[in-house]
1. Scan the range 213-224 and report the pairs whose first residue is in contact (Cβ under 8 Å) with a residue 24 or more places away in the chain and whose second residue is among the aromatic types (Phe, Trp, Tyr), with Cβ atoms within less than 8 Å and a gap of 6+ or a chain change.
2. Could you tell me whether any residue of the range 141-150 is over 30 Å from PRO317 (Cα atoms) and part of a strand (DSSP E or B)?
3. Would it be correct to say that THR187 is within 24 Å of the chain's Cα centre (by Cα) and β-branched (Val, Ile, Thr)?
4. Residues to consider are TRP237, TRP228, TRP288; find the one that is at pLDDT below 95, in a helix (DSSP H, G or I) and not polar (S, T, N, Q).
5. Output the residues belonging to the range 291-303 that are of a type outside the set (Lys, Arg) and not in a helix (DSSP H, G or I).
6. So which residues in the range 292-303 are buried (at least 22 other Cβ atoms within 10 Å of the Cβ) and touching a strand residue (DSSP E or B) at 6+ places or on another chain (Cβ under 8 Å), if there are any at all?
7. Would you be able to tell me the number of residues in the range 111-166 that are at positive phi, surrounded by fewer than 18 Cβ atoms within 10 Å (Cβ to Cβ) and either in contact (Cβ under 8 Å) with a residue 60 or more places away in the chain or touching a Leu at 6+ places or on another chain (Cβ under 9 Å) (or both)?
Amino acid sequence: MARPRFCPNPQCRFSRRTEAKWLIHNGTYRTEAHGKVQRYRCRACHRGMSDQTYSLHYYAKLRVDLKEVFTRVRGGSSMRDIARVLGCSRTAVSGAVMRLARQAMGCHAMLLPALGDSKVLSFDGLVSSLTGSEYTSQITTLGDSETELLLAMSYCVSERGGTRTRVQQRRITDRRAVWHPKRGALTESISLLLHELSRFASPHQLLLDTDEHPLYRRAIDSDLALSWYQTHHLLSWRRTSSKAPRTTRNPLFLMNYLDRMIRHRMKEHTRETIAFARNATMQMHRMWIFAWDHNCCQPKRVGLKSDCSRAAHAGLPPRLVNRLCGEFYSRRVSLRGVSVPESIRIVWAGKLDTPPLRWRVGQKGRGPLIPAYALRDLDCAYPHAP
């Protein structure tokens, strides 16, 4: 059980993590999902709480094996496939995926202050499908080329490009009356990622690797932090053709590697797939599960004597990484006093724009409902992350 480490009342003097004897046992209660649960009361403000208050299974009506869900999501299983194996509904699996993704985003935000300055950063976009072949989701990823850590991700939706038949063009035209992607969404998505790039960049010299996408020049010139780097001659921008051989000598090796692993492990991103994502929020929640697995669970290289993760190779505090990994499936991460990037806030709060599944009813049923306790957890973070 996840025994409370601090009082949930933000006005209480025990609202921060404390080792003092501030908890008073206050009876027990029993539920069908969790069995016998211990109640507590704060010695200072008399606020009630229990072992479930900070549990990852908080407010769950069905206790799903979260470790099994995590393993199957990053292994390429669909939501319905996981539901069949676990003997539960697809809705229960979706709720478990969202819990795991919020845990991954929260743990990632807690590790960011411990990261050192990066001298070589690279970013690129992954194009996939959303709700069908008419709309594409563009996930822009930012990584540290030296440690191979996936640092940040941004998201946008656009209409499918390329040649269209008359039927496809007529269908897209009719759907624009109901919903259409935001104009300039890709530029906004790239700008958001560049705005957060200064959080990781070295203040002395920065090498930025991208492909030859025409939007990057405009986004880099309009970013204030990168403009400072350019003014002081500290920014080196290296552009590599996307048609260059995808070897280890390619400057975009990390982006090519991430693209390959995402399409290999995530069901909805496999090329020529029929498992389209139904919602942008759920698609990015699954992406953050992949990011946590890539950074902190998988070994940096398979077959080497050392099975250390990329987080360990990057020099992150082992005690912090081990604690987060050890409590990943049990204790809900606390964001109190943590600076959460805007790209994570948007995904956490479910603010991603997504096309409707049922066009005749417009925007009804746009996606999963974010529980109130998850939004309260987000409110505990710094209101304005740098």
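The values are calculated or read from the model by the stated rules, or taken from the named source; none is laboratory data. Nothing here was measured: the structure is a model prediction, and the numbers come from that model. Methodologically, a virtual Cβ is constructed for each residue, glycine included, from the backbone with ideal geometry; neighbour enumeration extends over all protein chains shown.
1. Pairs found: ILE220/TRP237.
2. No, that holds for no residue.
3. Taking the combined requirement at face value, the residue satisfies it.
4. Working: TRP237 fails: in a helix (DSSP H, G or I); TRP288 fails: at pLDDT below 95.
Criteria check complete, one pass: TRP228.
5. GLN298, PRO299, VAL302, GLY303
6. Correct list: HIS294, ASN295, CYS296.
7. To start, the set of residues in the range 111-166 that are at positive phi comprises 131-132, 148, 162.
Keeping just the survivors that are surrounded by fewer than 18 Cβ atoms within 10 Å (Cβ to Cβ) gives 132, 162.
Okay, now just the ones that are also either in contact (Cβ under 8 Å) with a residue 60 or more places away in the chain or touching a Leu at 6+ places or on another chain (Cβ under 9 Å) (or both), so 132.
Of the residues in that region, 1 qualify.
Yes/no per residue for (1) buried (at least 18 other Cβ atoms within 10 Å of the Cβ); (2) more than 27 Å from the chain's Cα centre (by Cα):
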residue: TYR216; (1), (2): yes, no
residue: TRP228; (1), (2): no, yes
residue: HIS232; (1), (2): no, yes
residue: LEU235; (1), (2): yes, yes
residue: LYS243; (1), (2): no, yes
residue: ARG249; (1), (2): no, yes
